[in-house]
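The values are calculated or read from the model by the stated rules, or taken from the named source; none is laboratory data. Note that the structure is predicted; figures quoted are calculated from it, not measured. Cβ placement follows ideal geometry from the backbone for every residue including glycine, while neighbour counts extend to all protein chains displayed. Just the protein is used for accessible areas: all its heavy atoms, side chains included, with ligands, DNA and RNA removed. Shrake-Rupley method; radii C 1.70, N 1.55, O 1.52, S 1.80 Å.
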Amino acid sequence: MRTTPGSPRPWLRAHPPVADSILAVVLTTASLSFVVLAGGGSAEWQTGATRPYDPLGLVLAAACTLPVALRRRWPFVLLLATIVPQWTLDAMGYDDGLSGLGPLVLLYSVAAHRGLALSLAAIVADLLAYVVDAGIGRGPMPWTDHVVVVVVALLCWVCGRAVRLRRAYLAELVQRADRLERAREADTRAARAEERSRIARELHDVVAHHVSVMTVQAAAARKMLDADPEVARDALTAIEEMGRTAMAEMRNIVGVLRTDGPAELGPQPGMQDLPTLVEQMREAGLRTQLWVEGERRGLPPGIDLAAYRLVQEALTNSLRHAGPAARAWVTVRHEQNELSVHVEDDGHGGADGPARVAGKGHGLVGIRERVALYGGVLRIGPRSGGGFEVRARFPLKDRP
């Protein structure tokens, strides 16, 4: 039922004791009014007429309905407490007015606010109390009246249980919605953390590779600046191109984080860009060779990028640690259900080997995370015969 603006219903729902007190006062007033109006004052009440009302009768009638004010706090106890004044009214021949409504309201309250066991005990106690009350009453009653009383009591109990079950169902829906909301927030936080980790790996790979190459080129230009200015000029040109390439890749990666306008997006590098990468490393001073074996097929985008970044990081480490006269080899093998990548160099594997495996940076950690993300197998360590190598195998279960 809809409530109109200014209706007292919402306020009463927010203050149950006040609503229960009002209900108890209304029931008590109606019951006592009925007793006063129906009490005839006959002097022959012992022969079967209703006994005239007096203060005791009014108190007993009120004792059957006033406990409704505390029906939410002690419904079962108050239900049992109203049995005694009800019995007394009938045993002494008083007109009980509407006092029978008080136990019915309390029976409903037990069923609506207490568990199944206590509510069953309440209906049993109420029916037993009625059986005893019928035995001590003023006279026999038609069986139809007994049936009506029992049906009304059962109906109150069933209504109370239905309200309790509906309330429990709604509470479960609210809890489920809260759980789903918390799960959605947790998924959102996990997605954000994963995206931040991915962007951090991409930025590290881009910055580490290009800055390393630019550092080597700058060192070469500084050494050749006086001896061969033309070579130094070529090195500076390579540094400029490398810087532009790094800025373009960083713009593509960070573009997805922009919220004030359309992101500047571009294709991510992949295995098809390995020849360009190898050429960059050669210009930086690392003699690099590339072999591609097997039939080239389309790779899943994630594996394509991960394999490219693996080669990029491995060659960058070779450029940093292998030494000025080192050589590097990149072997890519396309198989039916697997992509194999092998990067090795013949540089200083002895002193720098442990440092390269457990370096302070995040490059090798990022490689491990990328390979593990796609269920691959990774080996990083010294190469037999000197140098260093990185081997990775990516399973191709979802080859397009």
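Figures for the structure shown
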read-out	value
FRET E, pair Ala168, Ala91, Förster distance 35 Å, beta-carbon r, rounded to 0.05	0.30
Extension gain, Leu56 back to Glu230 (0.36 nm per residue minus Cα-Cα distance, nm)	50.4 nm
Residue order for His321, His210 - accessible surface, 1.4 angstrom probe, largest first	His321, His210
Nearest-10 value in Å² for the accessible area of Val59, using the 1.4 Å probe	90 Å²
Whole-Hz ³J(HN,Hα) from phi, Karplus 6.51 cos²θ - 1.76 cosθ + 1.60, for segment 323-332, glycine and proline x	x, x, 9, 7, 10, 9, 10, 10, 10, 10
Net length gained if the chain between Arg182 and Thr276 were fully extended (0.36 nm per residue, minus Cα distance)	29.2 nm
Principal axis dimensions, segment 47-142 - Cα atoms, whole angstrom, descending	45, 28, 17
Thr65, Thr215, reordered so the largest accessible area comes first (probe 1.4 Å)	Thr215, Thr65
FRET E, pair Trp74, Asn337, Förster distance 60 Å, beta-carbon r, rounded to 0.05	0.25
Separation of the Arg114 and Glu295 label points, Cα + 7 Å toward Cβ, nm	7.9 nm
Accessible surface, per residue, of segment 143-195 when the full set of protein chains is kept, probe 1.4 Å, Å²	78 Å²
Computed FRET value (nearest 0.05) for Arg327 with Leu203, which takes r as the C-beta separation and R₀ as 35 Å	0.75
